[in-house]
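Take a look at the structure below.
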Amino acid sequence: MTNFSALLPTSLFTGLLGDDVTYHATVGDVAIKAFVDDYVDPVFSGDAHISARRKKIDVAVADAPGLKKGMRFTHAGTQYTVDDIIANDGQFASCVVR
């Protein structure tokens with residue numbers, strides 16, 4: 001089976017559809033494209049089920065060198081700090097931010 005997404009550059013998706021974001025890397029600020037969205041985080045405690053609304057930033061790994069917990073992004077004048085990286089397939093990383 002052919003993986004068609006592997007044939008297209010990630011910049012095609014982020015450049016056309018992504019949000020303007022500043023990544024505050026250790027080497028300096030970098031203007032990149034990323035996907036910023038609300039994320040519903042399910043929290044379980046015994047029999048209780050609670051949903052917490054959080055922000056999620058999906059970014060191309062190549063655009064965010066040194067991405068790890070504690071790194072910062074700025075989107076639309078609001079600064080976010082990475083709480084957790086919930087997925088990283090080597091192409092894109094999904095970060096839950098606060």
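The 1.4 Å probe gives accessible areas that order 49, 24, largest first, as 49, 24.
Under 14 Å from the Cβ of residue 98, count the other residues' Cβ atoms, weight Lys and Arg +1, Asp and Glu -1, and hand me the total.
Charge balance in the 14 Å sphere: +2.
Summing charges over all other residues whose Cβ lies under 12 Å from the Cβ of residue 72, with Lys and Arg as +1 and Asp and Glu as -1, gives +1. What the Cβ-Cβ distance of residue 98 and residue 48 gives, at R0 = 22 Å and to the nearest 0.05, is a FRET efficiency of 0.50. Measuring only protein heavy atoms, the 1.4 Å probe finds residue 85 accessible over about 50 Å². The residues 23, 39, sorted by heavy-atom accessible surface at 1.4 Å with ligands and nucleic acids left out, run 39, 23 from largest to smallest.
The values are calculated or read from the model by the stated rules, or taken from the named source; none is laboratory data. As the structure is a prediction and not an experimental result, all values here were calculated from the model. Every residue, glycine among them, receives a Cβ derived from its backbone with ideal geometry; neighbour counts consider all protein chains shown. We work out accessible area using only protein heavy atoms, side chains counted, and drop any ligands, DNA or RNA first. Shrake-Rupley method; radii C 1.70, N 1.55, O 1.52, S 1.80 Å.
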